[in-house]
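Okay, structure first, notes after.
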């Protein structure tokens, strides 16, 4: 804990105790340090409220309490800190509303109260401070329209960072937003803003990042965005924008690195806007109504790392030319109208950096040579850096960029993509022939889904080399032979599906297999060893009391005949028993009790 006696150091000017394991409350004795200029207590485990005595620190310039467990209200006395330039209480448990008059912070440059539970409207007074450079209100519960931006007469013209994301602000973006001429980052995502984006924002020529995602904006793509020559990151995803994606985005080839337009209502073709986009790294236009060809100008994007066009109507051949891009890590073509073979003679395969590929639910055909996956080097090993989250160029990241995938048989949305997540999904196509043996070199693979194709031959024994595998789906193919027993040694394998094939032989007895649902083995008549897995599926339902009585009488008669038969010898036994069975119509009962022990598997419609 911070000792109370620290208040006796009345000449102290700098108190930096951040990044420790301090607990307890902030002692009110800190208010005695009247000469203190810098108070840094961030990244500790401090609890309780900010003591009102903090208001006595009239010389304080730097105030940082972020990443603790502080709660309650901000004391009104804090507004006495008129020389304060840096105010950070982000990532705590503060609640209630903010003081209505915050204009007393005459020298304030940075204001961060993010990741708390503040609520109500945000006070207008903060934005009357001319020195303000950065404001972060993200991840709170602020409501109402952003009236504080409308105070144009005394607006902070030097503001360069405005983060209002993850609140419940609503209404229109006011025209006065264009007064922030030095603004470099504008984050308004995950609110309830609506209407059109005002054209006046084109005046914000310094913008580098603009994130308006997850709101209710409507209208066509704002063409004035094409004039923001410094724009590097643009996210308009999860809104209601419609119309076509403009060709003028090619004006941003010199600066644009990330473009996220997914989950809107854009239509038309995806234009060839990437001719000179050498810095371009990320493209997500998934879940729109785009059609036509896949833009081959992406071949010029030597820094390209992420491509997602899922859920459109794009009709084209497999873009094998993307394999030459040295940095491509994620390729998602799922649920479109791509067609044709994945491989043909003399094709360059490449994809040396690929870690996630999903081409499911298209119309790909043809066979894959045994060496098809040899060049996918990033999937073969894991390094320490893969434990981090994907990062894009400079300070930007994929952290909030989502991706959908079928994982463990369930449609899953990944809000963050880890570097150590490696997956291949070729499901729902018409690929045939043998599963390439080279798949066994993908040592880092977590998810392998080849279901819904026409693969033949056996399951490669070498799949047992995929020691990181968690999900394996080979269902609805034409695979034959046995399930490799060594697959039972894959300790991370938690979901598997072999249903609707022509497999035979014993099911591995390992814990991973015995924990699977019976449906994972359906429609493989030659499989056996499923007694424990499918126990609930083949045990008859409990008979009614009337049926029980009839069955009991039948059994009693049967065992009477058996006893008599034993007494008169084997020949008479067989004759009497068989005669009784066929005259009493109990053939099915006899077969169930004494016939061969064949597994009965309930099949489902494909």
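Among the residues making up the stretch 167-179, those that are buried (at least 20 other Cβ atoms within 10 Å of the Cβ) and out of contact with any helix residue (DSSP H, G or I) (no Cβ under 7 Å at 6 or more places or on another chain) are 167, 169, 173. Across the stretch 318-337, the qualifying residues are those that are in contact (Cβ under 8 Å) with a residue 40 or more places away in the chain and over 16 Å from residue 419 (Cβ atoms), and the one among them that is surrounded by the fewest Cβ atoms within 10 Å (Cβ to Cβ) is 323. The residues of the stretch 180-194 that are at pLDDT below 95 and surrounded by fewer than 21 Cβ atoms within 10 Å (Cβ to Cβ), listed by number, are 181, 182. For the stretch 230-245, name all the residues that are within 21 Å of residue 214 (Cα to Cα) and in a loop (DSSP other than H, G, I, E, B). Across the stretch 230-245, the qualifying residues are 231, 232, 236, 237, 238, 239, 245. The residues in the stretch 1-47 that are part of a strand (DSSP E or B) and surrounded by 14 or more Cβ atoms within 10 Å (Cβ to Cβ) can be counted, and the count is 6. For the stretch 170-195, the set of residues classified as under 33 Å from the mean Cα position of the chain (by Cα) and in a loop (DSSP other than H, G, I, E, B) consists of 172, 173, 174, 183, 184, 188, 189, 190, 191, listed by residue number. Looking across 404, 411, one residue alone is surrounded by 15 or more Cβ atoms within 10 Å (Cβ to Cβ), in contact with a strand residue (DSSP E or B) (Cβ under 8 Å, 6 or more places away or on another chain) and at pLDDT below 85. It is 404. In the stretch 24-45, how many are touching a strand residue (DSSP E or B) at 6+ places or on another chain (Cβ under 8 Å) and either more than 14 Å from residue 89 (Cβ to Cβ) or without any contact (Cβ under 8 Å) to a residue 40 or more places away in the chain (or both)? So the count comes out to 11.
Note on the stretch 438-449: residues that are within 19 Å of residue 336 (Cα to Cα) and either surrounded by fewer than 22 Cβ atoms within 10 Å (Cβ to Cβ) or more than 21 Å from the chain's Cα centre (by Cα) (or both) total 0. When residues in the stretch 74-99 are screened for being without any contact (Cβ under 8 Å) to a residue 40 or more places away in the chain and more than 30 Å from the chain's Cα centre (by Cα), 17 of them pass. Among the residues that make up the stretch 414-437, is at least one of them in contact with a helix residue (DSSP H, G or I) (Cβ under 6 Å, 6 or more places away or on another chain), at pLDDT below 95 and buried (at least 21 other Cβ atoms within 10 Å of the Cβ)? Yes. For the stretch 89-99, a residue qualifies if it is surrounded by fewer than 21 Cβ atoms within 10 Å (Cβ to Cβ) and either part of a strand (DSSP E or B) or out of contact with any helix residue (DSSP H, G or I) (no Cβ under 7 Å at 6 or more places or on another chain) (or both), and the qualifying residues are 91, 93, 95, 96, 97.
Scanning the stretch 293-315 for residues that are under 21 Å from residue 237 (Cα atoms) and either in a loop (DSSP other than H, G, I, E, B) or out of contact with any helix residue (DSSP H, G or I) (no Cβ under 9 Å at 6 or more places or on another chain) (or both) gives 294, 295, 304, 305, 306, 308, 309, 310, 311, 312, 313, 314.
Would you confirm, using the coordinates I've provided, whether residue 207 is without any contact (Cβ under 8 Å) to a residue 60 or more places away in the chain, part of a loop (DSSP other than H, G, I, E, B) and buried (at least 20 other Cβ atoms within 10 Å of the Cβ)? Criteria met by residue 207. Filtering the stretch 3-23 to residues that are without any contact (Cβ under 8 Å) to a residue 40 or more places away in the chain and under 12 Å from residue 41 (Cα atoms) leaves 14, 15, 16, 17, 19, 20, 21, 22, 23.
Hey, any hits in the stretch 269-288 for a residue that's farther than 14 Å from residue 253 by Cβ, over 25 Å from the mean Cα position of the chain (by Cα) and at pLDDT 95 or above? Scanning the stretch 269-288 turns up at least one residue that is farther than 14 Å from residue 253 by Cβ, over 25 Å from the mean Cα position of the chain (by Cα) and at pLDDT 95 or above. Being part of a helix (DSSP H, G or I), buried (at least 19 other Cβ atoms within 10 Å of the Cβ), over 21 Å from the mean Cα position of the chain (by Cα) and at pLDDT below 95 is a property that residue 225 lacks.
When residues in the stretch 338-370 are screened for being within 25 Å of residue 305 (Cβ to Cβ) and assigned to a loop (DSSP other than H, G, I, E, B), 17 of them pass. Condition check: out of contact with any helix residue (DSSP H, G or I) (no Cβ under 7 Å at 6 or more places or on another chain), without any contact (Cβ under 8 Å) to a residue 60 or more places away in the chain, surrounded by 15 or more Cβ atoms within 10 Å (Cβ to Cβ) and under 30 Å from residue 330 (Cβ atoms). Does residue 490 satisfy that? So residue 490 does not fit the description; no.
The values are calculated or read from the model by the stated rules, or taken from the named source; none is laboratory data. Quick caveat, the model's predicted, so the values are computed rather than measured. Cβ coordinates were reconstructed from backbone atoms using ideal geometry, including for glycine residues, and neighbour counts include every protein chain displayed.
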